[in-house]
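Inspection log for the structure reproduced underneath, given as structure tokens.
Every number in this text was worked out from the coordinates using simple rules, so none of it is lab data. Nothing here was measured: the structure is a model prediction, and the numbers come from that model. Heads up, the Cβs are rebuilt from the backbone with ideal geometry, glycines too, and the neighbour counts pull from every protein chain shown.
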Amino acid sequence: MRILLVGDVFGAMGRTILKQELPRLRQQYGINFVVVNGENIAHGKGIIEKYYKELLALNVDVVTLGNHAFSNKGVFQFIDDAKRLVRPLNYKTDVPGVGYVTVNYNGIKITVMQLLGRIFMAGAEQLTNPFTVCEELLNKLDSDIYICDFHGEATSEKNAFGLYFDGRIHIIVGTHTHVATNDAHILPNGSMYITDLGMVGALDGVIGVNPDPVIHQYLTDEHIRHLPMEKGRQQFNALMVEINEQTHKITKYESINLIQK
Ligand SMILES: [Fe+2]
Ligand SMILES: [Fe+2]
């Protein structure tokens, strides 16, 4: 089967690009299962029910979130009923929603989980150790295929996470930086790994945001509200992974980086 993992979809532009590219790629690559990171889908921060439903209407199987999981208060209106929505697993306190879901795909149990990294991450003091939390989760589940969205800033933390869970989590993809890395590879014990999928949205923004206030901030140290970049050139970044349904071995993979010229 073929699984498509899509990086952070950013704002209205991200949603438009996803709607235009996903059906086409699904056909072109024969995709069976789709995981999309939706933490920035509502105006760059968080998610609301309307956009979650739009993702389901595009036949997205699982939507993951990130450090912006609760940035839009609209999430609280539907997160407890959303069966295909995954927020980070490693919060210290009880928060709404779930940190993993298990989906039955043609008799194959696929678990999609999300962990939040702690290095260079605002609010890290509210998080527990993503390595040990993930280990505890794996010990209690008996799924056929495991997919982890490791949402983190530091490449070293993502590398270490990938190598530690190599052979136990079939597909480990990084998200959060919005910049796709050119390191998709199969780890020594067989897991698929990429440090960051990248994003879906504006190409000429600063990780999706209108650059002017951001540059002003770097020049003056004065914070101005950031707004999503909603025009100009587009980018769509994802990873296609083919996995054998019986052996659960990765048989093929391809980074898909559609960068408008
Ligand atoms: Fe993001
Ligand atoms: Fe993030």
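Among the residues of the range 11-31, write down those that are touching a Lys or Arg at 6+ places or on another chain (Cβ under 8 Å) and surrounded by fewer than 18 Cβ atoms within 10 Å (Cβ to Cβ). Steps first, please.
Restricting attention to the range 11-31, the residues satisfying the condition of being touching a Lys or Arg at 6+ places or on another chain (Cβ under 8 Å) are 13, 29-31.
Residues satisfying the conditions are 29, 30.
Sort out which residues of the range 12-51 are away from ligand 1 (no atom under 16 Å from the Cβ), among the polar types (S, T, N, Q) and under 14 Å from the mean Cα position of the chain (by Cα), and write them in order of number.
Matches in the range 12-51: none.
List the pairs whose first member sits in the range 39-68 and is closer than 19 Å to residue 101 by Cα, whose second member is assigned to a loop (DSSP other than H, G, I, E, B) and away from ligand 2 (no atom under 16 Å from the Cβ), and whose Cβ atoms are under 7 Å apart, counting only residues at least 6 apart or on separate chains?
What qualifies is 49/78; 52/78; 52/82; 56/84; 61/84; 62/84; 63/84.
Looking only at residues that are surrounded by 20 or more Cβ atoms within 10 Å (Cβ to Cβ) and either of a type in the set (S, T, N, Q) or more than 16 Å from ligand 2 (Cβ to nearest atom) (or both) in the range 166-183, which one is farthest from residue 18 (Cα to Cα)?
169
Quick check on the range 94-111. Is at least one of its residues in contact (Cβ under 8 Å) with a residue 12 or more places away in the chain and among the basic types (Lys, Arg)?
Scanning the range 94-111, I find at least one residue that is in contact (Cβ under 8 Å) with a residue 12 or more places away in the chain and among the basic types (Lys, Arg), so the answer is yes.
Taking only the range 147-193 into account, find how many residues are closer than 22 Å to residue 84 by Cβ and not acidic (Asp, Glu).
Result for the range 147-193: 13.
Any idea which of (1) in contact with a strand residue (DSSP E or B) (Cβ under 6 Å, 6 or more places away or on another chain); (2) within 16 Å of ligand 1 (Cβ to nearest atom); (3) not aromatic (Phe, Trp, Tyr) is the one residue 61 doesn't satisfy?
Result: residue 61 passes all but (2).
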